[in-house]
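Have a look at the structure below before the remarks.
A short reminder: the numbers here are calculations on the coordinates, not readings from a lab. None of the values given here were measured: they were computed from a predicted structure. We place every Cβ from the backbone using ideal geometry, glycine too, and count neighbours over all the protein chains shown.
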Ligand SMILES: CC(C)(COP(=O)(O)OP(=O)(O)OC[C@H]1O[C@@H](n2cnc3c(N)ncnc32)[C@H](O)[C@@H]1OP(=O)(O)O)[C@@H](O)C(=O)NCCC(=O)NCCS
C-alpha cells in the first residue's frame with residue numbers, strides 16, 4: 001500500500017511508540033527522513049538531533065512518536081508548537097474504519113483497531129492496537145485509547161483522557177477530560193451517571 005508515497009516525515013521521539021509509528025509509515029509507503037529526540041536511540045532511522053530541528057524544515061510532515069502510558073501532556077505540548085496540518089492522520093492498513101467516521105489531524109490508529117460508524121476522534125489521539133470504538137462515539141483531543149480497550153456505542157471521552165489497556169466502557173458512558181480509566185476497569189452508564197464498577 002502506498003497511500004503516503006513521496007510524502008516525507010520526521011518522527012518526533014525515538015522510543016517504543018516511535019517504532020510502531022515507523023512501521024505504519026513504512027507500510028503506507030511514506031519516506032522517513034529520520035527522528036528527533038533529546039538523544040540518539042536504537043530506532044533504525046537517521047537521528048536528526050533535538051526536536052527544535054523540526055521548526056526549520058519545509059515540505060516535511062511530522063509524525064508524533066511519543067506515546068503516553070499515563071499522560072498525553074508531552075504529546076500535546078510538542079504538537080502545539082507546530083501547525084496541526086503537519087500531523088496527517090496515520091491509519092494502519094489493518095485497522096478497520098467504519099462509514100462516516102471522522103479522524104482529525106494527528107490521530108493514530110494502530111494495527112487491529114476498529115472504529116465503527118459515525119464516531120469522531122479528535123486531534124492527536126492514539127487509538128492503540130486492538131482497541132475498539134463502537135458506533136457514534138465522541139473521542140476528544142490527545143486521548144489515549146490503550147491496547148485492547150473496548151468502548152461501546154455512544155460513549156463520550158473528554159480531551160486528554162486515557163482509557164487504559166483492556167478497560168471497558170459500556171454503552172453511553174461519559175468520561176470527563178483528563179480522567180484516567182485504569183487498566184481493566186469497567187465503566188457502565190446507569191441512572192444518568194457513568195460509574196466505575198471495579199475500583
Ligand atoms: C493508571 C495507572 C497507571 C495507575 O497506576 P498506579 O499509579 O499504580 O495507581 P495507584 O497509585 O492509584 O495504585 C494504587 C494501587 O492499585 C493498584 N492498581 C493500579 N492500577 C490497577 C489496576 N488497573 N487494576 C488493579 N490494581 C491496580 C496498584 O498496584 C496499587 O496497589 P498497591 O497499593 O497494593 O501497591 C494504572 O492503573 C494503569 O492503568 N496502568 C496501565 C498503563 C498502561 O499500560 N497504559 C497503556 C500503555 S500503551
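Does the range 8-66 come out rounded, prolate or oblate by the C-alpha gyration tensor, with a ≥ b ≥ c the root eigenvalues, rounded set by a/c under 1.5 and, if not, prolate when a/b is larger than b/c and oblate if not? Judged from the Cα gyration tensor, the range 8-66 comes out oblate (a/c at least 1.5, b/c at or above a/b). Note on the chain: helix-only mean residue ellipticity at 222 nm, from DSSP H runs of 4+ residues weighted -39500 (n - 2.57) and normalised by residue number, equals -3000 deg cm²/dmol. Each 10 Å bin from zero up to the one holding the largest Cα-Cα distance in the range 90-196 carries the following percent of pairs: 19, 57, 23, 2. The range 160-195 and the range 1-61 have Cα centres separated by 33 Å. Note on the range 42-107: Kirkwood hydrodynamic radius from all Cα pairs is 14.0 Å, rounded to one decimal.
With a/c under 1.5 counting as rounded, go ahead and sort the chain into rounded, prolate or oblate using the C-alpha gyration tensor (a ≥ b ≥ c being the square roots of the eigenvalues; past the cut-off, prolate if a/b is larger than b/c, else oblate). Prolate, because a/c is 1.5 or more and a/b exceeds b/c.
The angle between the Cα long axis of helix 16-27 and the longest principal axis of the Cα atoms of the chain comes to about 70 degrees, rounded to the nearest 10.
Structure remark: mean-square fluctuation, Gaussian network model of the chain, C-alpha springs under 10 Å; the largest value among 98, 158, 140 belongs to 98. The ranking of 182, 19, 94 from fewest to most other beta carbons within 10 Å of each one's beta carbon is 94, 182, 19.
Arranged from fewest to most other beta-carbon atoms within 10 Å of their beta carbon, 110, 154, 64 become 154, 110, 64.
Contact order, relative form, for the range 49-199: 13 percent (alpha carbon pairs under 8 Å, 6 or more residues apart, mean separation divided by residue count). Working from label points 7 Å from Cα in the Cα-to-Cβ sense, the residue 46 to residue 183 distance is 3.8 nm.
Which FRET efficiency value, to the nearest 0.05, do you get for residue 5 and residue 199 by plugging their Cβ-Cβ distance into 1/(1 + (r/R0)^6) with R0 = 41 Å? It comes out at approximately 0.25. Residue order for 88, 3, 25, fewest other beta carbons within 10 angstrom first, comes to 3, 88, 25.
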